[in-house]
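Working notes, structure below.
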Amino acid sequence: MNEAVAFTLNGKEVRIEGPPAMPLLFALRGQLDHKGTRLGCGEGHCGACTVTLDGVPVTSCDLPISAIAGKNVGTVEGVLAADHPLAAALIRHQAGQCGYCLPGILTRAAALIDQGQCAEDIRNALDANLCRCGAHGRIMAAIREVAS
Amino acid sequence: MNVPPPLKNFPLVSQWLSFASDGGVDLLSGRVELGQGIATALTQIAADELDVAINAIRLTQGHTGVSPAEGPTVGSLSVTFGGQSIRMATAAARALMLGHAAELLQTTASDLTVCAGEIIKDGLETGLSYASLSADVDLAVPAVDHAQPKAASDRQIAGTSVQRVDLAARLTAGYLLHDMELNGMWHGRVIQPPALDATLGALPDLELPDGAQLVREGQFLAVVAVDEYVALREARRLAGRLDWQMGSISSVHPIDGLEADIAESETLYDSDDLMAGITEVSISLTKPALSHGSIGLSCAVAQWQGDALKVWAHSQNVFALKDSLARVLKHPAELITVIFAPGAGCYGHNSSDDVALDAALMARGVGRPVRALWQRQDEFQNAPLNPAMKTQMTARLDDAGRIVSFDARVISPPHSTRPGGADEPNLRAQQFLPNAMPMGPGDDPPQPQGGADRNAVPGYLIPAVRVVRDRPVHVPYRYSAMRGLGTFTNVIALEQLMESCAEAAGQDGIEYRLAHLDDPRAIAVIETARDMAGPWDKADDVGYGFGYARYKNSAGYLACMARIVVGDEVRVTDVWSAGDVGEAINPDGTINQIEGGIVQAISWALKEEIGFAGGQNLTQSWEDYPILKFSEIPRLQTRLIGPQDAVPLGAGEISSGPAGAAVVNAVRAVLGVVPERLPLSRHALVALLS
């Protein structure tokens, strides 16, 4: 049975319908056409689907839509629309190869930078985000440049 | 300049580029952007030869309808072959345009230059441009008759670290194949058998909800639905209710079984006289099967319009994929178009081709366009793996400690089962269709490149060398090409052997290597990496290790020094590297590739292993297959020291062997024992020390 869920997406009220167990990621990529958030494993292990929930980075591939009613969801689209300085820094540092992991990393790191976390704490938090091309060092260089 | 193979096959300028009336240049390449930065490098080469801005180049990569069929994007050859072809074609195009302009202006071409596509004489615009002449110049002429590429010292764009042309787009929605939408497109998930030789029993009754359909052809099973989540949920529900019978191959262990059933033994490289030495030194090293581990899942979109099939795939070789689809679907190849679209990072022959056949079958089954996506467990269990292998090496030393003879035995399945290779389509689902086609046994590229045996022939000066390759019969998983093929294992074994020989000879390991080399470029990278590391700090838990190789003994040179700290596990703190890739089109991109290879090699050496019980693959998720994480990444310092006026040698695969060797030699320096099995995980350290 489908359920209607209303929440805030990057500052705008939205309403979706779907099975209560459906992970948020599928709603974002489907009904809401926010495809910047990527499916990597579907099991909450790789971080490619990272979004923020009331400002806290979480994986969206294992977050049922029934759990987000009334909450604030932030995606990479929101980070880019706000011109977060980390996005430009990542490009300046050529901090990626395939970039599949980057929206998730950008979303998590930008949220932690905005909370005032230091680069070393962000580095440890990014253990939740896997990168297979080996661009970690460049990503951290970009984060160090932007984090206070 | 030698004529690179792609340009021999596609000799005409018009097969590589055309000028548009809007001032843009439409550039064609068969090489595809796998995350390695080749789109940027090819664009730089073309912009430089043509004297146009980077953003004037519009690059189409890997489209079977229009691109030169260059074959696979593999082997660190994209700049060496594909880039040099584009360099000659664009240089020829510039010469042809200037020749025509000179006629119109009644001058000589040597009096003309180009700036941002405008043709200039005596510092002034002539009113002519590539755009204005685009309709008047016939580019269907052989490039070699006209190409005189710029001298290295005249290049202004190639050789500089311009920003990646695609990285900003990769942060956003819509760039990747995964984000593609077609009108009426549904989403599909295949259901994979639990082992290579499992057979399906009776299909249970399964009621699918509205908007979902089962596609079955023989043992090929998929759920396709209008909604992606429903396709996934229903595919999982069905998979949980299926009854599979396992076959006998499921009892062969991929490592313990390697030496038990050798099918063929082949001597690949043999000097006449394997001299006896005074001292004999041996090394044995086993590496488990590894997963490609792309963060993105394999994806393809297929659309049938009447008899015409269009497939979008992140394949390494759209040309072979097209022919393979034709053979499996028994459909005329001329009715099939395969279009490359970017996916996640690709490090070799993964399941990107398999999912393209899946998508074509699903789209045919439901009569609509379908986007097919694999699941994470499929990527670990059903995609081709980098095969488990074992390398044994023996060196014999004379009374001065020099190596006088060497022999190696490499025990491994072949490292290539690519679609189209060895005349086999080799797409996963072909074996499940009603007219099942068995998967081919695969093959290795011959020496001097080699497959399993790549870099098993030492690059050191040794008078007598023999290399034997043994191939097991029963392998309980799919195996194929991953970044460097056998190089990783063979270079680690060889560089451990060099350390052991140096110890036996009572010499310093690096000096010992230098004494067995006479190539000044090899010597230069080794000395540079050693000097970059500086003096070693000494503590019981700290170790330094060194590794060097010239990839394929004919491509890029790389030397690495690694510093590690050993506690409960091995932690790599620093890697200093010096490389010589000849001309580097984008030095920062080249370093990015080299460093990515180093990180991946450390991850392979310390952490990665596809787990098996007998022949049953036990790896289901990232929890079963940890890779190197942010907090575990070392400081990396990398220098390119090659000459920019030398031939480009490629970069993507040159670092995995030397970096792996540096780490393993560092472990050996701390523990005082020679590791014989990878990975050097926490569990392996305990075993080594007991």
* **Residues being surrounded by fewer than 22 Cβ atoms within 10 Å (Cβ to Cβ) and either more than 13 Å from chain B (Cβ to nearest Cβ) or under 23 Å from B:Arg371 (Cα atoms) (or both) - total across the range A:35-56** => 6
* Check off (1) within 19 Å of the chain's Cα centre (by Cα); (2) of a type outside the set (A, V, I, L, M, F, W, C); (3) surrounded by fewer than 23 Cβ atoms within 10 Å (Cβ to Cβ) for B:Thr73 and give me the number that stays unchecked. => (3)
* What pairs come up if the first residue lies in the range B:160-182 and is touching a residue at least 60 places away in the same chain (Cβ under 8 Å), the second is of a type in the set (D, E, K, R), and their beta carbons are under 6 Å apart, counting only those six or more places apart or on different chains? -> B:Ser161/B:Asp588
* Do you know which residues across the range B:119-132 are of a type outside the set (Lys, Arg) and either over 39 Å from the mean Cα position of the chain (by Cα) or outside the structural domain of B:Ala101 (by TED's automatic domain parsing) (or both)? -> B:Ile119, B:Ile120, B:Asp122, B:Gly123, B:Leu124, B:Glu125, B:Thr126, B:Gly127, B:Leu128, B:Ser129, B:Ser132
* When A:Ala69 is evaluated against the numbered criteria (1) touching a strand residue (DSSP E or B) at 6+ places or on another chain (Cβ under 9 Å); (2) part of a helix (DSSP H, G or I); (3) surrounded by fewer than 24 Cβ atoms within 10 Å (Cβ to Cβ), which criterion, by number, is the only one it fails? -> (2)
* Pull up the range A:78-129, narrow it to residues that are of a type in the set (D, E, K, R) and part of a helix (DSSP H, G or I), then point me to the one that is farthest from A:Glu145 (Cα to Cα). => A:Asp127
* Asked: Any residue at all in the range B:605-612 that is under 30 Å from B:Glu583 (Cβ atoms), assigned to a loop (DSSP other than H, G, I, E, B) and away from every other protein chain (no Cβ under 14 Å)?
  -> no
* Structure fact -> Scanning the range B:217-235 for residues that are touching a residue at least 60 places away in the same chain (Cβ under 8 Å) and surrounded by fewer than 20 Cβ atoms within 10 Å (Cβ to Cβ), the one farthest from the other protein chains (Cβ to nearest Cβ) turns out to be B:Gly218
* Consider B:Ala555 against the criteria (1) of a type in the set (Gly, Ala, Ser); (2) assigned to a loop (DSSP other than H, G, I, E, B); (3) closer than 30 Å to B:Gly257 by Cβ: it satisfies all of them except one. Which criterion is unmet? -> (3)
* Structure fact -> Of B:Ile295, B:Ile278, B:Ile255, the only residue that is surrounded by 15 or more Cβ atoms within 10 Å (Cβ to Cβ) and under 30 Å from B:Leu494 (Cβ atoms) is B:Ile255
* Here are some conditions: (1) within 12 Å of chain B (Cβ to nearest Cβ); (2) touching a residue at least 60 places away in the same chain (Cβ under 8 Å); (3) at negative phi. A:Ala27 meets all but one. Which one does it not meet? -> (2)
* Output the qualifying pairs, or none if there are none: Cβ atoms under 8 angstrom, residues six or more apart or on different chains, first residue in the range B:666-680 and crowded, with 16+ Cβ neighbours inside 10 Å, second residue among the acidic types (Asp, Glu). => B:Arg668/B:Glu499; B:Val670/B:Asp540; B:Val670/B:Asp541; B:Leu678/B:Glu609; B:Pro679/B:Glu608; B:Pro679/B:Glu609
* Test for A:His84: is it more than 7 Å from every other protein chain (Cβ to nearest Cβ), closer than 30 Å to B:Thr160 by Cβ and not aliphatic (A, V, I, L, M) -> yes
* Could you grab the pairs with beta carbons closer than 6 Å, sequence gap of 6+ or different chains, first residue in the range B:586-604 and closer than 9 Å to B:Ser655 by Cβ and at the interface with another protein chain (Cβ under 7 Å from one of its Cβ atoms), second one surrounded by fewer than 24 Cβ atoms within 10 Å (Cβ to Cβ) and of a type in the set (S, T, N, Q)? => B:Glu595/B:Thr638
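Could you count how many residues in the range B:147-181 are more than 14 Å from chain A (Cβ to nearest Cβ), in a loop (DSSP other than H, G, I, E, B) and at negative phi? Before you say what the answer is, go through the steps one by one.
Restricting attention to the range B:147-181, the residues satisfying the condition of being more than 14 Å from chain A (Cβ to nearest Cβ) are B:147-159.
So of that shortlist, the ones also in a loop (DSSP other than H, G, I, E, B) come out as B:147-151, B:155-159.
So of that shortlist, the ones also at negative phi come out as B:147-151, B:155-158.
Result for the range B:147-181: 9.
Regarding the range B:387-395, can at least one residue be identified that is in contact with a Phe, Trp or Tyr (Cβ under 6 Å, 6 or more places away or on another chain), modelled with pLDDT of 95 or more and in a loop (DSSP other than H, G, I, E, B)?
There is at least one residue in the range B:387-395 that is in contact with a Phe, Trp or Tyr (Cβ under 6 Å, 6 or more places away or on another chain), modelled with pLDDT of 95 or more and in a loop (DSSP other than H, G, I, E, B).
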* **Answer residue from the range A:132-148, given it is in a loop (DSSP other than H, G, I, E, B) and more than 7 Å from chain B (Cβ to nearest Cβ) and is farthest from B:Ser603 (Cα to Cα) among those** => A:Ser148
* **When residues of the range B:95-146 are limited to those that are among the hydrophobic types (A, V, I, L, M, F, W, C), in a strand (DSSP E or B) and touching a residue at least 24 places away in the same chain (Cβ under 8 Å), the one surrounded by the most Cβ atoms within 10 Å (Cβ to Cβ)** => B:Leu128
* Within the range A:60-82, is even one residue under 25 Å from B:Leu628 (Cβ atoms) and of a type in the set (Lys, Arg)? -> no
* Structure fact -> The one condition B:Ala549 fails out of (1) modelled with pLDDT of 95 or more; (2) over 20 Å from B:Gly348 (Cβ atoms); (3) among the small types (Gly, Ala, Ser) is (2)
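The values are calculated or read from the model by the stated rules, or taken from the named source; none is laboratory data. Since the model is a prediction, treat every value here as computed from it, not as a measurement. A quick note on method: Cβ atoms are made from the backbone with ideal geometry, for glycine too, and the neighbour counts reach across all protein chains shown.
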